[in-house]
Amino acid sequence: MQDLSKPKKSEKSYEKLVSYAESIYIKALELYQRLLGEQHPDVATSYNNLAGLYSSQGRYTEAEPLYIKALELRQRLLGEEHPNVAASYNNLAQLYYSQGRYTDAELLYIKALELRQRLLGEEHPDVASSYNDLALLYNSQGRYTEAEPLLIKALELYQRLLGDEHPYVATSYNNLALLYSSQGWYTEAEPLYITALGLRLRLLGEEHPDVALSFNNLAHLYTYQGRYTEAEPLLIKALELYQRLLGEEHPDVALSFNDLAGLYCCLGRYTEAEPLFIKALEIASLSLGENHPNTITFRKNLKLLRDYRQS
């Protein structure tokens with residue numbers, strides 16, 4: 001069997017590409033600072049863009065101060081009542097959500113939503129995006145009755161504003177399916193996951209992180225239903241895609257290792273599961289920190305497996 005825990009050449013190419021992108025963003029920031037001075041909206045945008053790159057890599061501790069700088073600059077230069085300020089609130093909230101800082105994230109998500117509603121009106125894609133983000137947070141906290149109406153609103157808004165053939169519509173289908181799956185409503189979740197996957201493949205192509213996410217989520221569903229032979233190839237596809245597109249040290253790669261290890265545990269393939277749990281824990285500890293909910297879960301999973309094998 002292929003050793004999925006070892007990085008491949010394509011991951012090194014990804015790392016070179018990211019390193020190049022980082023150098024361009026830093027050069028752009030320095031150029032704006034030199035030509036425009038620190039107190040300029042374009043400098044705030046540069047801070048925001050560099051933070052977005054770091055956040056996409058799971059480099060959250062580097063991203064946070066840049067997002068905060070961008071927010072403070074925008075507030076000072078544009079005033080509180082500006083769409084870019086709402087975007088900064090939302091970006092910082094997404095960062096906190098990724099770190100498992102749900103209380104901090106919720107406050108900022110609500111601020112962003114209220115600002116967007118006030119400035120852009122209800123019929124705007126950014127408002128739908130805020131509904132989606134807040135709903136995902138509520139889903140992570142088990143607040144399902146609060147999440148569902150927000151997800152339905154987001155889906156209907158996107159369909160009305162962007163049409164059915166749009167990546168944001170696929171995201172809404174995926175998020176609604178995730179909510180239903182979290183509650184054990186597998187029959188309702190499966191067609192939504194399949195619709196999301198089909199849309200993403202058609203619109204984004206195979207080589208996209210959102211496609212990997214769809215493979216992973218559908219595999220989760222099949223695992224919960226005991227459909228292990230259908231789940232395994234999807235989990236392997238998701239892991240290989242994430243490794244290729246995001247690099248080896250990304251939190252989503254850790255999650256994929258954990259999910260595949262969990263499936264192998266269900267199948268009694270414990271010797272294959274253990275190194276994957278170890279890899280998941282190592283990546284999460286480095287990229288998310290020891291106290292992140294995912295790191296805690298991976299540590300617990302590894303302990304449970306070892307305890308079971310020793311008993």
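Once the mean of 1/r is taken over each pair of separate Cα atoms and inverted, region 235-311 shows a Kirkwood hydrodynamic radius of 12.3 Å. Selection among THR187, LEU221, LEU150 by position relative to the dipole of region 147-221 gives LEU150 as farthest towards the positive end (Cβ unit charges, Cα centre). Across region 167-172, coupling constants 3J(HN,Hα) worked out from phi with the 6.51/-1.76/1.60 Karplus curve, θ = phi - 60°, read x, 5, 5, 4, 4, 5 Hz, and Gly and Pro carry x. When you restrict to C-alpha pairs under 8 Å that are six or more residues apart and normalise by the size of the chain, the relative contact order lands at 13 percent. Across the chain the C-alpha pair distances fall into 10 Å bins from zero in the proportions 6, 23, 34, 25, 9, 2, 0 percent. Applying the criteria of a DSSP loop state and at most 13 other Cβ atoms within 10 Å to the GluC sites (Glu not before Pro) of region 245-311 yields GLU290. Ellipticity at 222 nm from helices only: DSSP H runs of n ≥ 4 in the chain, each -39500 (n - 2.57), divided by the residue count, give -28000 deg cm²/dmol.
The phi torsions of region 270-275, fed into the Karplus equation with coefficients 6.51, -1.76 and 1.60 and a -60° offset, translate into couplings of 5, 5, 7, 6, 4, x Hz, rounded to whole numbers, with Gly and Pro shown as x. Straightening the chain between ARG76 and LEU161 buys 27.4 nm, computed as 0.36 nm per residue apart minus the Cα-Cα spacing. Spacing of the modelled spin labels on GLU207 and GLU114, each 7 Å from Cα toward Cβ, amounts to 4.5 nm.
FYI, it's all coordinate maths here, none of it is from the lab. Please read all numbers here as calculations on a predicted model, not as lab measurements. Cβ: placed from backbone, ideal geometry, glycine included. Neighbour counts: every protein chain shown.
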